[in-house]
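S.K.: Below you'll find the structure I mean.
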Amino acid sequence: MAVHIKNAFTIDVEDYFQVSALAPYIDRGSWDQQPCRVERNVDRILEMLDAAQVKATFFALGWIAERYPTMIKQIAAQGHELASHGYGHLRASDQSPSEFKEDVVRAKALLEDLSAQSVAGYRAPSFSIGESNLWALDILRGSGYRYSSSIYPVKHDHYGMPNAPRFAFGPIKHDQDFFELPASTVRLFGRNLPAAGGGFFRLLPYECSRWLLRRVNRCDRQPAIFYFHPWEIDPQQPRPKGLSAKTRFRHYVNLRRTEPRLQRLLADFKWDRMDRIFLNGQA
């Protein structure tokens, strides 16, 4: 049975040294001294999307945008949606409400100034909105965002809200001005399985990821939300010393296979920007 649902193709624009799992090994104060590779990786992603004739959503860090404004302008000029990943890649769960508001307002203003377009969407670093800080959704709504994609309805050691709705919901009942758009999952054997990409996309055989996404389309009849990071197509990135075996495995597994897998994914499904899928009457 053919399914013609458009899915959301999203990229979290951050560099390898900003990943939460590497925070114990790379001091935040040294970020400006790290060899930055995000520009070349985003260029490759833009070329890949252009070849596939796909428009995507780029959740960009304000810290990156401030240092690479030409890249941000290029993303917007090529017709992709520019959305916010916050300013400094601080987990929402590690911030007070006032700190969180300052971060998301700063990032939104910066991205809008650079792109000359409205920024509607936000994704928290490490999907760090959950049961303990749902107040963050109210702050996002009050700060002019129209949607968040910050909750992952799975059980994970770094993030997750397993009991959250699996599909679009308003934090205020019947709220049509703001939506939370959770990362995609498949309900199987009484639990939610991750289907949205990231490290699972690198770890699992491609056929598993394709099956999961097809199940969201065919069984749930819903658009899927897929995400990855620019550093995930970069096997030549620097490797900090002293990483634990677990961190090393999670961060570097199958980096060489990610780009060809993404090319297959772009061909196997229909894709578009988050805002065009979810803010035009489908959410």
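S.K.: Where does the chain land at 222 nm, in deg cm²/dmol rounded to the nearest 500, when only DSSP H runs of n ≥ 4 count, each adding -39500 (n - 2.57), divided by all residues? Before the final figure, lay out each step's value.
M.R.: Values: 10 runs with 102 residues, N = 283.
Taking each H run of at least 4 residues, the total per residue is -10500 deg cm²/dmol.
S.K.: Next question, about the same structure. Each residue of the stretch 231-242 in order: what ³J(HN,Hα) in whole Hz does its phi give by Karplus 6.51 cos²θ - 1.76 cosθ + 1.60, θ = phi - 60°, with x for Gly and Pro?
M.R.: 5, 6, 9, 10, x, 8, 4, x, 10, x, 7, x
S.K.: Could I ask something else about it? Please say if the chain is rounded, prolate or oblate, where rounded means a/c under 1.5 for a ≥ b ≥ c the square roots of the C-alpha gyration tensor eigenvalues, and otherwise the choice is prolate for a/b larger than b/c and oblate otherwise? Please list the in-between numbers first.
M.R.: Working: a/c = 1.22, a/b = 1.07, b/c = 1.14.
It comes out rounded by the Cα gyration axes.
S.K.: For the peptides 50-56, 237-243, 219-225, what is the packing order when you average, over each peptide's residues, the other Cβ atoms within 10 Å and list the highest mean first? Don't skip to the end; give the middle numbers.
M.R.: Numbers: 50-56: 15.1, 237-243: 12.3, 219-225: 18.9.
Ranked from most to least packed, the peptides come out as 219-225, 50-56, 237-243.
S.K.: Quick check: residue separation of Gln236 and Lys155 times 0.36 nm, minus the Cα distance between them. What number comes out in nm? Walk me through the numbers before you get to the answer.
M.R.: Details: separation 81, 0.36 × 81 = 29.16 nm, distance 3.11 nm.
Here the answer is 26.1 nm.
S.K.: Mind checking which of Gly121, Gly86, Gly199 has the largest fluctuation in a GNM of the chain, springs on alpha carbons under 10 Å?
M.R.: Comparing Gly121, Gly86, Gly199 in a Gaussian network model of the chain, the most mobile one is Gly199.
Values quoted throughout were computed directly from the atomic coordinates according to the rules given, and no laboratory measurement underlies them. Everything numeric in this text was worked out from a predicted model, so none of it was measured. Heads up, the Cβs are rebuilt from the backbone with ideal geometry, glycines too, and the neighbour counts pull from every protein chain shown.
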